[in-house]
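Have a look at the structure below, then the notes.
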Amino acid sequence: MDFLTLAANRHSCRSFTEEPVSRADIARCAEAARLAPSARNTQPWRIVIVDEQPLLGKVQEQTSDEELHLNLFTKGAPVLAAFVNEGIPYEPVDRGKMKGDNYTKSDIGGAILSFCLQAEELGLGTCIIGSFCADGVKKLLGIPAEKGLDLMVALGHPAPGEVKKLRRPAEDVLFYNGYPADK
């Protein structure tokens, strides 16, 4: 499919079938993430895939909260991907009036988007997760405490009837040569 169709079809999937995701499909999504651009080509991410029980169940417990009714869908996700922030391998420099140069979070966001778009092309659903117990997940996966873990991705085959996304019209988000005065 062409890129705009792919981008239009990708949405946050919060309902998955029980069908397992093949390791070949997971590897293809991870390869798309690996190839994502990054500032200074630092590639500041590592991806930890969780797809086997009992570990998957333990990580699912750290990504959902019954009391807050938060992310309960992760308990049905057959795969969870943890995107670890490895930090920047250089000392940031004072750039005066120019903004700073630690872009690790935006770089990881780009890698996650690549992962999710590849999943969409394969007919898989994804949901980026930002609210979870990072310390609990890090402990379960052996991720060092000093590493960052800001986002995870749920991956699986979308359940029938999964809700598609809605977006504002282009005229509400695209402006040339300046921010609109009425916004």
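Loop sites only, by DSSP: take the chymotrypsin sites (Phe, Trp or Tyr not before Pro) in the chain that have at most 12 other C-beta atoms within 10 Å and name the longest stretch containing none of them.
The reported range is 1-89.
Under 8 Å for C-alpha pairs, at least 6 residues apart: give me the relative contact order for the chain, rounded to a whole percent.
It comes to 35 percent, rounded to a whole number.
Stretched out fully, how many nm does the piece from Gln53 to Ala27 gain, at 0.36 nm a residue minus the Cα gap?
Roughly 7.5 nm would be gained on extension.
Given q = 0.20, 0.24 Å⁻¹, what are the Debye log10 I(q)/I(0) values for the range 1-77, with equal point scatterers placed on the Cα positions and solvent ignored?
So the normalised log intensities work out to -1.16, -1.24.
In units of 2.2 N^0.38 Å, what is the alpha-carbon radius of gyration of the chain?
Rg over 2.2 N^0.38 Å, computed on Cα atoms: 1.12.
Find the centroid of the Cα atoms in the range 28-60 and in the range 130-183, then give the distance between the two in whole Å.
Distance between centres, Cα-based: 15 Å.
Could you pull out the GluC sites (Glu not before Pro) across the range 29-114 that fall in loop regions by DSSP (anything but H, G, I, E, B) with no more than 11 other Cβ atoms inside 10 Å?
Glu52, Glu66, Glu67
What GluC sites (Glu not before Pro) in the range 112-183 are in a loop by DSSP, with at most 15 other Cβ atoms within 10 Å of the Cβ?
Answer in residue order: Glu146, Glu162.
Using R₀ = 45 Å, calculate the FRET efficiency as 1/(1 + (r/R₀)^6) where r is the Cβ-Cβ separation of Thr17 and Tyr179; round to 0.05.
0.55
Output ³J(HN,Hα) for the range 101-108: one whole-Hz value per residue in order, computed from phi by the Karplus curve 6.51 cos²θ - 1.76 cosθ + 1.60 with θ = phi - 60°, and x for Gly and Pro.
10, 9, 10, 4, 5, 5, 4, 5
No value in this document is a laboratory result; all are computed from the given coordinates. Remember, predicted model here, so these are calculated numbers, not experimental data. All Cβ positions, even for glycine, are placed from backbone atoms using ideal geometry, and neighbour counts span all protein chains on display.
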